[in-house]
There are 2 protein chains.
Amino acid sequence: MRRMQYAVRGKIVIRAGEIDDMLRKNPAAFPFSEVVYCNIGNPQRLGQKPLTFPSQVMSLMNCPALMKQPNLFPSDVVERSQALLAHMPGGLSAYTHSQGVHYIRESVARFIEARDGYPANPDHIFLTDGASPGVKTIISMLRQHAGDAILVPNPQYPLYSATLQSVNATGVPYTLREDKGWAIDFENLEHMLQEARGTGLIVKAMVVINPGNPTGQCLSVKEMQAIINFCVQAKLVLLADEVYQVNTYKPKKPFHSFKKVWKQMQEISGNNNAHLELFSFHSVSKGLHGECGRRGGYFEAVGIHSGVLQEIYKAVSVNLCPNTAGQIMVNLMVDPPTPGSPSFKLYRRETYSIFQSLKRRAKLLGELLNSLEGVTCNVPEGAMYAFPRITLSPRAVAAAGKVGQTPDAFYAFHILEETGVVVVPGSGFILADLTDAHDAFFFRTTFLPPEDKMQEVFIRFHAAHSHFMSKYRGTGI
Amino acid sequence: MRRMQYAVRGKIVIRAGEIDDMLRKNPAAFPFSEVVYCNIGNPQRLGQKPLTFPSQVMSLMNCPALMKQPNLFPSDVVERSQALLAHMPGGLSAYTHSQGVHYIRESVARFIEARDGYPANPDHIFLTDGASPGVKTIISMLRQHAGDAILVPNPQYPLYSATLQSVNATGVPYTLREDKGWAIDFENLEHMLQEARGTGLIVKAMVVINPGNPTGQCLSVKEMQAIINFCVQAKLVLLADEVYQVNTYKPKKPFHSFKKVWKQMQEISGNNNAHLELFSFHSVSKGLHGECGRRGGYFEAVGIHSGVLQEIYKAVSVNLCPNTAGQIMVNLMVDPPTPGSPSFKLYRRETYSIFQSLKRRAKLLGELLNSLEGVTCNVPEGAMYAFPRITLSPRAVAAAGKVGQTPDAFYAFHILEETGVVVVPGSGFILADLTDAHDAFFFRTTFLPPEDKMQEVFIRFHAAHSHFMSKYRGTGI
């Protein structure tokens, strides 16, 4: 537990909280007026407004007495609330089935079927308090013996490294190539598997994050097929982190679910002997809802033995049930207002506006970062993050060493203290060297500040960055 | 994981769900019209109405636009919503501090201080998704090496046994004496500790559930002092499950928190060398709120080293934050409407009515159970459960064995199939024999069905019980 690190909520975020407190007491305490949290994908914290339809349904379900008030809410808000309450005895206040309300799981199954063109079984869907607890449940269950290991992308979202450490399992990193737009290096993947198995590790699963976090790349169907073949041949459970499935900004790289690609492969090959075990994770925290605080999500188990599903049920039942607000938010995400319904137009306008803005911001952030001295960045194709590479001088590296920090953390703290912008040092995501260059470092930043603020925030960032680069130019100390 | 059992959501509950489904399709499928879930403390599922004040605040916070509607809600509902939203940037939709919103933790600290007369530190309070995840976090952190063990009451709430098994730690049972109103047998407690330590187990902590679950007893101050002295001398962390602190029905046995009793002991003795490490767990699921589905709760760490608190913070940060609705519900529980405020009278009437009804039902259930052939029951002093003892004939035991069930499960399934009432076999709570009698078994039942239904439910129960007892009377098969 001591060794475990969780960068996106680590030391820099604790320091940011202190600065936030100081600013509240004395607005002139720093050369900026507010802390801008780019450490984590938390859009509403940065001003994104909740969508109206889900807010209204949640409001009404919390106080069904409001149904007596005429015209308070559109009729489809009332109908949805009534339908959900009819299937949730005790409403938001009661424990539900440990796997989540069956009626809501049915709506998830219909959503998956509409998305993929292949049926889904509500009994193979588990509602969760966000994607993270789902991932933790599955990784905990995969870990049976010392020496059990899981392939994880490098760089990766630290949920995976932290969970593996907390259950005392090994993460085997496979490389995403920064110089190839964060594409998987399949040769390296095969090599890492063989090497790990050669040293006696029992490699049981492979984590894929698509769209990528922290890296923002989107997989092509061809890459996904290669991953699936690799997992089938190596008998690896595929853990597909697909929480950013709506956050794809490059028309040529639309989202495809691993389940769909796998089902298509089976259809085409007609080979029913090949077997894939797949868990796909989704969340209400990302997409265009950004309902992080609800802690709502689900996972679908595909090709998983019924005995294993029973064990998963038992494991999640110890927490009794996912929180009801998160469950309802899952329903509202997978079953939005449809054309013709009273809430449809507003819902479409709100989601369209958020999507277009995210798309613009992804491009803008990539451009801005690439304009910085010593920084190169793959423009994000999806998700909510950029993971730029920054070349730091030997002097900066030495100065970091003197205060006992890694160079990337030293840089991130400098940015925080001068601008109030919180970015996460890349070392929190990196499990093994990504490059041979000893002067190459990384950081992760979201592109979630509102557009009107982004330029202004970037001007501060640019100044602090230039200050840092000139302060530590050269090799002396 | 396979060995792990979680009785209150186990096989009998899965069967109850099937019966529920069948009844929905064919109301005449069973000799009863509905399933009555007495397996778990889930009051709203059985018709208890949510309190009005928290429902209104939750509703308004989900849709702050409603504040524009005049006179929709009482002014204190509006004020509370505004105050909470002012301290929750992004409202219900955003991730909060991983430990929970500081403003809400401050309200918890004030609640504890008012309850105990001793100050509490918001930084030592962790908001959680209900008490269960808090317990799991602490037990996971206590478990460092194989052989680590924790003293747990016998009988106990299976959260403890299940969590211990899932982290591969050992539960060392200490006896609650059924023949002494479920009082702790201190001689046995001392003996179990010494025996466990003698066999090389590293006993690190002691779990106490007060008021008791499944047993419904309340601890006296004297017993609590003895427990504290025991923990201090044996250097055990005390895990105090105090989620039923409002559910005490015997005027002579009011609730005292372990923190208060410990602080008083320190004050009286003036001995500042003695040190107690204590975690106290609380929840919005029980009490008079019964907001189980929210998954809200907290724990307070008392006498815990700051380095340990930092590690706990890191561990909980991997789940990002407790769900916001649960956090808000904690605030509404610990800071209810005060005299003179617009919502006060209704709030007092609602809580008083629930409390008085629970108190009557505790007594009634005890009496009804004691009237059954072969059943004896300590009348519950607190919590929401009775844990009656039932003497089963050799014939019943043999019949159970023939179908591969434990006798208590065999009995519980009989009751379920004949009445629709779901009770939990005692073996799910029992870690070691409670009695020398081989014909003594137990089950747990809540007393949560509404009063008007309780008599009717009991008539069915009585008939099914009598049927069982006469069917299996004697020793043959």
- Rounded to a whole number, the Stokes-Einstein D of the range B:312-361 in µm²/s (Kirkwood radius over Cα pairs; 37 °C; 0.692 mPa s) is 242 µm²/s
- Query: Roughly how compact is the range A:126-271, stated as its Cα Rg over 2.2 N^0.38 Å to two decimals?
  - Reply: 1.02
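Under a Cβ-Cβ cut-off of 14 Å, what is the net charge of the residues other than B:E291 that fall near it, where Lys and Arg count +1 and Asp and Glu count -1?
Net of charged neighbours comes to +3.
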- Task: Taking the Cβ of each residue in A:W182, A:W262 as the centre, tally the other Cβ atoms inside 10 Å and list the residues starting with the fewest.
- Result: A:W182, A:W262
- Message: Counting pairwise Cα distances across the protein assembly as shown, what percent come out greater than 58 angstrom?
- Response: 10 percent
- Kirkwood Rh, Cα Rg: Rg to Rh for the range A:211-302? 1.00
- What the 10 Å binned alpha carbon P(r) of the range A:38-159 shows, as percent of pairs per bin from 0, is 10, 26, 34, 21, 7, 2, 0
- If you put a point 7 Å past Cα along the Cβ direction, how far is that point for A:T391 from the same point in each other copy, in nm, smallest first? 8.9
- Message: Between the range A:39-107 and the range B:281-355, how far is it from one alpha carbon centroid to the other, in angstrom?
- Response: 21 Å
- Query: For chain A, with equal point scatterers placed on the C-alpha atoms only and solvent neglected, what are the log10 I(q)/I(0) values from the Debye formula at q = 0.08, 0.09, 0.10, 0.13 1/Å, to two decimals?
  - Reply: -0.50, -0.64, -0.79, -1.29
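Calculate the mean, over all residues of peptide B:424-434, of how many other protein chain Cβ atoms lie within 10 angstrom of the residue's Cβ.
0
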- For B:K204, list the lysines whose Cα falls under 25 Å from its own Cα; do not include residues on the same chain fewer than 8 positions away. B:K136, B:K222, B:K235, B:K259, B:K260, B:K263, B:K314
- Query: With +1 on each Lys and Arg Cβ and -1 on each Asp and Glu Cβ, how big is the dipole of chain A about its Cα centre, in debye rounded to the nearest 20?
  - Reply: 600 debye
- Whole number please: convex hull volume per residue of the Cα set in the range B:231-390, in Å³? 189 Å³
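Compute the convex hull volume of the Cα atoms of the range B:87-334, divide it by the residue count, and report the result per residue in Å³ as a whole number.
126 Å³
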- Over its alpha-carbon atoms, the range A:124-208 yields an Rg and a Dmax in Å of 13.5, 39
- Task: Within the set of other residues whose C-beta is less than 15 Å from the C-beta of A:D335, count the net charge using Lys and Arg as +1 and Asp and Glu as -1.
- Result: 0
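Over the range A:174-245, consider all pairs of different Cα atoms and compute the Kirkwood hydrodynamic radius from their mean reciprocal separation; express it in Å, one decimal.
Result for the range A:174-245, one decimal place: 12.8 Å.
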- The relative contact order of chain A, taking Cα pairs under 8 Å that sit 6 or more residues apart, comes to a percentage of 22 percent
- Can you pull the mean other chain C-beta count within 10 Å for peptide B:91-104? 6
- What whole number of Å gives the distance from the Cα centroid of the range B:372-441 to the Cα centroid of the range A:119-154? 36 Å
- Antiparallel bridge percentage (DSSP; both residues within the range B:84-212; nearest 5): 15 percent
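Only the coordinates and a few stated rules stand behind these numbers; no lab work does. Everything quoted here is computed from the prediction, not taken from an experiment. Counting neighbours? That spans all protein chains shown, and the Cβs are built from the backbone with ideal geometry, glycine included.
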